[in-house]
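Visitor: Next up is a structure, given as structure tokens.
The values are calculated or read from the model by the stated rules, or taken from the named source; none is laboratory data. Small disclaimer: the values here were computed from a predicted structure and weren't measured. When we count neighbours, we look across all protein chains shown, and the Cβ atoms used for this are built from the backbone with ideal geometry, even at glycine.
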Amino acid sequence: MGMGKCLTEGICPICLNKTNSIKDTNGFGGLWVECPKCGVYVIEESVFRPGVLGLRLRSCLYYYLTQQSEDLKEKKLIPDFQNEDVEDENSIFKYGQRLLKTISTKSILQLYPKDIHERIGMIMLNLSNEVQYIGNTFAVRKPVGDPEKYNLFFLDEGFGAETIKEQFNGILDFLEKQELIKYYNNGSNGNMNYKITPKGWELIDEYQKSHQNLAQGFIAMWFDESMAPAKKAIMSAVEKSGYIAQPIDMKEHNNQIVPEIFFEIKRSEFIVADLTGNRGGVYYEAGYAEGLGKPVILCCRADQFDALHFDVKQKSAIKWANGEDLEERLKKRIESTIGKRQPI
């Protein structure tokens, strides 16, 4: 659905349901959306370009917003989704009493499940958000198809648009045969009502406990203009390994930098800390991450390698010469120590 149609019809471009409010961002070149399912977010015009906002991306955006909804509200963060070719990616700006956080679609796509186990777990979490409590039902239009629910099931248009309905019905049948959901009754408007079974709730509980972190790599580094090629290389290495790249380049609100950094480090799988520039904040963030038991990958530009603090010199840090060298070495280190995520 195009940007103009979403605006005129009051439709959320992610879940395709009616919004509480949707308006032009007046200068940002996108839409400000307040959706009862997805929450509050900004989606830039660049995301509406042909071939960008497909089912894979909509599923990942929905999962990110619904699974992070409480944390986003607590931190007063409003995600600003932009296509991957924009500047100021993953920066944070003051916006009234809230913080506007730019997030690239390229990073969000790393949330797409890497195997069938992860896919089923993520689908069941989506369904638990739909029903909200044990005993309630969720409704789908089966077998005719239900575009407003497709984003719950991580369907893949790469197999052809004609297969979407078949994929949708196939997943529902699979969940039912696995005794994770159970048909309850026929509802109105052609809907079929299902309940999550006790076995399904057990799977949801187990999956939540084992996946408390985002598939995300936090980036701590010196955000000087001279480090722009290094930032690009680190983000590329993290994303090519299958993770969301999360630097915190804070803009115009230094008073909130520490809580936001703590928040992102806590929910990351690992940390990349580039020590070029010997910035105290980078050492602090790396130490905080280690204290939480997070894997920390250290790196430093070759001309400053000998200036590393004595307490990290015994660690195996990546010594890099340029952006290309850094990206190659870091990607290998992430995949060998953390593991490569391969979407299905």
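Visitor: Of all residues being modelled with pLDDT of 90 or more and in contact with a Phe, Trp or Tyr (Cβ under 9 Å, 6 or more places away or on another chain) in region 13-29, which is farthest from L100 (Cα to Cα)? Just the residue, please.
Guide: L16
Visitor: Give the number of residues within region 150-200 that are among the β-branched types (V, I, T), farther than 21 Å from S128 by Cβ and in contact (Cβ under 8 Å) with a residue 60 or more places away in the chain.
Guide: The total comes to 1.
Visitor: Among the residues of region 31-58, write down those that are part of a helix (DSSP H, G or I) and either under 24 Å from E260 (Cα atoms) or touching an Asp or Glu at 6+ places or on another chain (Cβ under 9 Å) (or both).
Guide: Within region 31-58, S46, L55, R56 qualify.
Visitor: Suppose the filter is at pLDDT below 90, surrounded by fewer than 18 Cβ atoms within 10 Å (Cβ to Cβ) and closer than 18 Å to V42 by Cβ; does V86 pass it?
Guide: Yes; evaluated as a whole, the condition is true for this residue.
Visitor: Considering only region 156-181, state which residues are at pLDDT 95 or above and either aromatic (F, W, Y) or not in a helix (DSSP H, G or I) (or both).
Guide: Within region 156-181, F168, F174, Q178, E179, L180, I181 meet the criteria.
Visitor: Does region 308-338 hold any residues that are among the small types (G, A, S) and either in contact (Cβ under 8 Å) with a residue 24 or more places away in the chain or not in a loop (DSSP other than H, G, I, E, B) (or both), and which are they?
Guide: The answer is A317, G323, S336.
Visitor: Failed condition for P36, given (1) of a type outside the set (G, A, S); (2) within 30 Å of Q178 (Cβ to Cβ); (3) surrounded by 16 or more Cβ atoms within 10 Å (Cβ to Cβ), with all others met?
Guide: (3)
Visitor: From the list F218, F138, pick out the single residue that is under 30 Å from T337 (Cα atoms) and in contact (Cβ under 8 Å) with a residue 24 or more places away in the chain.
Guide: F218
Visitor: Right, another one. Of the residues Q342, Q304, Q314, which is touching a Ser or Thr at 6+ places or on another chain (Cβ under 8 Å) and polar (S, T, N, Q)?
Guide: Q304
Visitor: Sort out for me the helices (runs of 4 or more DSSP H) sitting completely within region 191-278 that have 2 or more residues that are touching a Gly at 6+ places or on another chain (Cβ under 9 Å), closer than 24 Å to I78 by Cα and at pLDDT 90 or above.
Guide: The qualifying helices (runs of 4 or more DSSP H) are 228-240.
Visitor: In region 23-81, which residues are within 15 Å of the chain's Cα centre (by Cα) and of a type in the set (G, A, S)?
Guide: G39, S59, S69
Visitor: Among the residues of region 109-123, how many are crowded, with 21+ Cβ neighbours inside 10 Å and either within 18 Å of E269 (Cα to Cα) or in contact with a Gly (Cβ under 6 Å, 6 or more places away or on another chain) (or both)?
Guide: 4
Visitor: Moving to a separate point now. If the requirement is being surrounded by 14 or more Cβ atoms within 10 Å (Cβ to Cβ), more than 23 Å from the chain's Cα centre (by Cα) and hydrophobic (A, V, I, L, M, F, W, C), which of these qualifies: F174, F168?
Guide: Unique residue meeting the criteria: F174.
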